[in-house]
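The values are calculated or read from the model by the stated rules, or taken from the named source; none is laboratory data. Note that this is a predicted model, so its numbers are computed, not measured. Here the Cβ is made from the backbone with ideal geometry for all residues, glycine too, and neighbour counts use every protein chain on show.
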There are 2 protein chains.
Amino acid sequence: MRADAARNREQIVQAARAVFTQDGPAASLNQVAQRAGVGPGTLYRHFPTLQDLLVAVIKDDVSALCARGRELLTGPSPEQALRTWLRAVAGHASAMRGLVATQLAAVTEGSALAACHDEITATGAALLARTGSGLDIADLLKLANAIGWAGEQAPGDQGLTDRLLALVTLS
Amino acid sequence: MRADAARNREQIVQAARAVFTQDGPAASLNQVAQRAGVGPGTLYRHFPTLQDLLVAVIKDDVSALCARGRELLTGPSPEQALRTWLRAVAGHASAMRGLVATQLAAVTEGSALAACHDEITATGAALLARTGSGLDIADLLKLANAIGWAGEQAPGDQGLTDRLLALVTLS
DNA sequence: CCTCTATCCGGAGAACCTCTCCGCTTCGCT
DNA sequence: AGCGAAGCGGAGAGGTTCTCCGGATAGAGG
């Protein structure tokens, strides 16, 4: 990749992070391009879809989330570890005012977001296996995602995500 | 209200029901107006916001939901009644491809949707009181709403809503 | 039955949005 | 330094939401 292209790409990702954080699902890609100081054409060449751009923004966060999951694998209480990690997943899903949750809900096979999703699923499966319960990791993740989404809809209610997660059985 | 205005209003509501059912959150109010055979101005005068229009469409459904809740009050098992009703709530929230859930999540004090929400909350509170649990009805409803939303994001997965609801503790 | 006015209609248009196309610029290899 | 390929970004098509206001009309009152 040419040096100027790499520079632009990085600037777009940074602008996207700022705009997504501010506007969430209502964010405008036009605005991202403007803030990055590039034309719309440049943005869409680098990131054909909103999901591609989102993945570039959250990639590091996803890695950190999975690393945290691997750490928790070594702890003493499998169920507590799973619960802690699901809390982290919900927190991640509610990032950027729920944008992640809404996009994650519409993930399509083979997309860049699907790769992130698969990585998370694998981590969760390992944590779940240790508990010996018969639950489905895909369902648990969908529920955590939905709870993160709900938590972000009421920004004033700080503890909502935790309270809703407390209603979930893990056994 | 003049007769022609009432006629137009009714046609807009019917058109909205059709468009919402087909397109969900991606529905265009323009399309609603076109389908109803009126201009955009007419639509916005009758229903200043999307929520106003949505309320007109779902009002009967909300009443039915609350009536069902009152029926369930007379049953033998309080907890089972609450669970059954929450299932109905989730089903209602997922109507129109999740449009209801997304709007319900953004309900603001004093709006028309808030009235619907209050009616549902009152019904739920009665059902919850019988169980003697210390849970919060507002939280339970938010969770049911989120689960309905999640269920609608994966239209191919028929039983998802039920499976996620099964993960919720009511005691 | 006719007239008149308050009410209502609905198209034009402003200001956004997403996404594409393509002529021009610029990088960096030779 | 020259040149080919890569990349840029504005113009623009077609969509959206929402407003404004000149003209049509329902239906009450004479």
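Would you confirm whether any residue within the stretch A:21-29 is of a type in the set (A, V, I, L, M, F, W, C) and closer than 23 Å to residue A:131 by Cα? Show your work before the answer.
Step one: list which residues in the stretch A:21-29 are of a type in the set (A, V, I, L, M, F, W, C), which gives A:26-27, A:29.
Within this subset, residues satisfying the condition of being closer than 23 Å to residue A:131 by Cα are none.
Checked the stretch A:21-29: no residue is of a type in the set (A, V, I, L, M, F, W, C) and closer than 23 Å to residue A:131 by Cα.
Contact map, the stretch A:146-171: first residue within 9 Å of chain B (Cβ to nearest Cβ), second residue among the aliphatic types (A, V, I, L, M) and surrounded by fewer than 13 Cβ atoms within 10 Å (Cβ to Cβ), Cβ cut-off under 8 Å, separation 6 or more or different chains; pairs are A:153/B:106.
Would you pick out the residues in the stretch A:114-140 that are surrounded by 22 or more Cβ atoms within 10 Å (Cβ to Cβ) and within 17 Å of residue B:150 (Cα to Cα)? Within the stretch A:114-140, just A:140 meets the criteria. Please verify whether residue A:20 is in contact (Cβ under 8 Å) with a residue 12 or more places away in the chain, of a type in the set (Phe, Trp, Tyr) and closer than 24 Å to residue B:102 by Cα, treating the condition exactly as stated. So residue A:20 passes the test. On the basis of being within 22 Å of residue A:161 (Cβ to Cβ) and touching a Gly at 6+ places or on another chain (Cβ under 7 Å), does residue B:141 make the cut? When the stated conditions are applied, residue B:141 passes them. Look at the stretch B:133-144: where a residue is more than 9 Å from every other protein chain (Cβ to nearest Cβ) and a partner is small (Gly, Ala, Ser), sitting 6+ places away or on another chain with Cβ atoms under 8 Å, you get B:133/B:171; B:137/B:124; B:137/B:125; B:141/B:124; B:144/B:90; B:144/B:93.
As for the stretch B:151-167, it holds at least one residue that is within 18 Å of residue A:149 (Cβ to Cβ) and polar (S, T, N, Q). Checking the conditions here, which among A:72, A:82 is buried (at least 18 other Cβ atoms within 10 Å of the Cβ), within 14 Å of chain B (Cβ to nearest Cβ) and more than 15 Å from DNA strand C (Cβ to nearest atom)? None of the others qualify; the one that does is A:82.
Take the residues in the stretch B:1-46 that are outside any helix (DSSP H, G or I) and either in the same structural domain as residue B:100 (by TED's automatic domain parsing) or within 11 Å of DNA strand C (Cβ to nearest atom) (or both), then tell me which one is surrounded by the most Cβ atoms within 10 Å (Cβ to Cβ). Spell out how you get there, then give the answer.
Taking the stretch B:1-46 first, the residues outside any helix (DSSP H, G or I) are B:1-2, B:27-28, B:37-39.
Remaining after also requiring either in the same structural domain as residue B:100 (by TED's automatic domain parsing) or within 11 Å of DNA strand C (Cβ to nearest atom) (or both): B:1-2, B:37-39.
Working: B:1: 8, B:2: 7, B:37: 11, B:38: 18, B:39: 11.
Checked the stretch B:1-46; the qualifying residue surrounded by the most Cβ atoms within 10 Å (Cβ to Cβ) is B:38.
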